[in-house]
Amino acid sequence: MINFVYSGHQSFGLRISWLPKAVASIEEGIDPFSDSRQGMKILGLGKNMVEALEFWVRATGVAKKIGAKWVLTEFALNVLSRKEGVDPFLENQQTLWLLHWNLCKGWDDDDITKRPYAWHFFANVFPDDEIVPSEAVDHFASAVSVQPKSLSAVTLRQHFDVFIRTYVSGESSGPRGTPEDTLDSPLTILGLIKRNGEKKMSDGRREDVYRINGGPKSSISSNTFRYCLQEWWDCVYPTERRLTLRDISFSEGGPGRVFRLPETDIYSRLATLASDYPQEWVLVESQNQRGIERLAKCNSDSLIKSIYVQ
């Protein structure tokens, strides 16, 4: 079961310094979130930013709360830990793609998967390459109309704006009065969404237009794609040995949708996997269908570590 989330970020986009701060605290056994005033001292952030960071820690798959204790996820221990992680300060672009992947995937809260709706909209609902804010928010409103709890138009627009600020540099939410206010999201480096001029609306207003990069992405490594493909496969098709190219390109939550990759690029990536890891993958080609067969399943920790092997 998926519960969509529209708030919790306090209208703050993810900042580049936030996740390393949170990981360092949790790794030392310090809870920076239960008491927001204490969290302000621990993290060096304002009260609302502390509450926002709690949302981002969950949404990016970095930490979870078990009982009364915050613990780092396996992903964070392998990648972001200052003691054992391979990229504690988000310096490797593969880490940023994995954070994007986690945001689109959502996080588990007991038996419920929670997912920020704007990321679900991006990955699984909206097929176009151009986004106009008011049109996106209208869609959010339609989605909310079937939810048990109503949300205001302001909340929905703030949720969309946070999504945009996560990927588009310089999209300030207001005055920049502190050093934290001058920081962009680390995910702006991905170039996944860019401002693309304005559009005149039917009522005469002009709105910003944002373009999604739907082309091949050489910045996503073969091993990053391999890790995400296996994780999604295990979640959605755990008993299947074969998947078609179309499954991987267009199924909900799959690498094709989340990374906005064209089908030709995905096929090239599958061929590379079959060539580089013949013990794990074999390319399937016939007159009617192309795809891949999984011969063996790798350990998730090993897959993550393989991403960072030079």
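Do any strands (runs of 3 or more DSSP E) entirely within segment 239-295 hold 1 or more residues that are small (Gly, Ala, Ser), and if so, which?
Details: elements: 242-244, 281-285, 290-294.
Once the strands (runs of 3 or more DSSP E) in segment 239-295 are filtered for at least 1 residues that are small (Gly, Ala, Ser), what remains is 290-294.
Keeping to segment 275-295, report how many residues are of a type in the set (Gly, Ala, Ser), surrounded by fewer than 17 Cβ atoms within 10 Å (Cβ to Cβ) and modelled with pLDDT of 95 or more.
Looking only at that region, the number is 1.
Restricting attention to segment 82-92, does a residue exist that is in contact with a helix residue (DSSP H, G or I) (Cβ under 9 Å, 6 or more places away or on another chain), acidic (Asp, Glu) and assigned to a loop (DSSP other than H, G, I, E, B)?
First, pick out the residues of segment 82-92 that are in contact with a helix residue (DSSP H, G or I) (Cβ under 9 Å, 6 or more places away or on another chain): 82-90, 92.
Then keep just the ones that are acidic (Asp, Glu); that gives 84, 87.
Then drop every residue that is not assigned to a loop (DSSP other than H, G, I, E, B), which leaves 84, 87.
Scanning segment 82-92, I find at least one residue that is in contact with a helix residue (DSSP H, G or I) (Cβ under 9 Å, 6 or more places away or on another chain), acidic (Asp, Glu) and assigned to a loop (DSSP other than H, G, I, E, B), so the answer is yes.
Mind listing just one residue for me: the one in segment 51-95 that is among the hydrophobic types (A, V, I, L, M, F, W, C) and touching a Pro at 6+ places or on another chain (Cβ under 7 Å) and, of those, surrounded by the most Cβ atoms within 10 Å (Cβ to Cβ)?
Initially, segment 51-95 is screened for residues among the hydrophobic types (A, V, I, L, M, F, W, C), giving 52-53, 55-57, 59, 62-63, 66, 68, 70-72, 75-77, 79-80, 86, 89-90.
Still in the list and also touching a Pro at 6+ places or on another chain (Cβ under 7 Å): 59, 80, 89-90.
Working: Ala59: 23, Leu80: 28, Phe89: 15, Leu90: 19.
Among residues in segment 51-95 that are among the hydrophobic types (A, V, I, L, M, F, W, C) and touching a Pro at 6+ places or on another chain (Cβ under 7 Å), the one surrounded by the most Cβ atoms within 10 Å (Cβ to Cβ) is Leu80.
Could you check segment 234-254 and list, in sequence order, the residues that are of a type in the set (D, E, K, R) and within 14 Å of Gly291 (Cα to Cα)?
At the first step, the residues of segment 234-254 found to be of a type in the set (D, E, K, R) are 234, 240-242, 246-247, 252.
Within segment 234-254, Glu240, Arg241, Arg242, Arg246, Asp247 meet the criteria.
Just wondering, is there one or more residues in segment 34-50 that are under 21 Å from the mean Cα position of the chain (by Cα) and closer than 30 Å to Ala141 by Cβ?
Checking segment 34-50: at least one residue is under 21 Å from the mean Cα position of the chain (by Cα) and closer than 30 Å to Ala141 by Cβ.
Thr239 is checked against (1) of a type in the set (S, T, N, Q); (2) more than 14 Å from Leu261 (Cβ to Cβ); (3) surrounded by 12 or more Cβ atoms within 10 Å (Cβ to Cβ) and fails just one. What number does that condition carry?
Single failed check for Thr239: (3).
Among the residues that make up segment 189-202, is at least one of them hydrophobic (A, V, I, L, M, F, W, C), out of contact with any Phe, Trp or Tyr (no Cβ under 8 Å at 6 or more places or on another chain) and either under 19 Å from Gly46 (Cβ atoms) or modelled with pLDDT of 85 or more (or both)? Give the steps one after another, and end with the answer.
Quick first cut of segment 189-202, residues hydrophobic (A, V, I, L, M, F, W, C) only: 189-190, 192-193, 201.
Of the ones still in play, those that are also out of contact with any Phe, Trp or Tyr (no Cβ under 8 Å at 6 or more places or on another chain) are 189, 201.
Those left that are additionally either under 19 Å from Gly46 (Cβ atoms) or modelled with pLDDT of 85 or more (or both): 189.
Yes, some residue in segment 189-202 is hydrophobic (A, V, I, L, M, F, W, C), out of contact with any Phe, Trp or Tyr (no Cβ under 8 Å at 6 or more places or on another chain) and either under 19 Å from Gly46 (Cβ atoms) or modelled with pLDDT of 85 or more (or both).
The values are calculated or read from the model by the stated rules, or taken from the named source; none is laboratory data. None of the values given here were measured: they were computed from a predicted structure. All Cβ positions, even for glycine, are placed from backbone atoms using ideal geometry, and neighbour counts span all protein chains on display.
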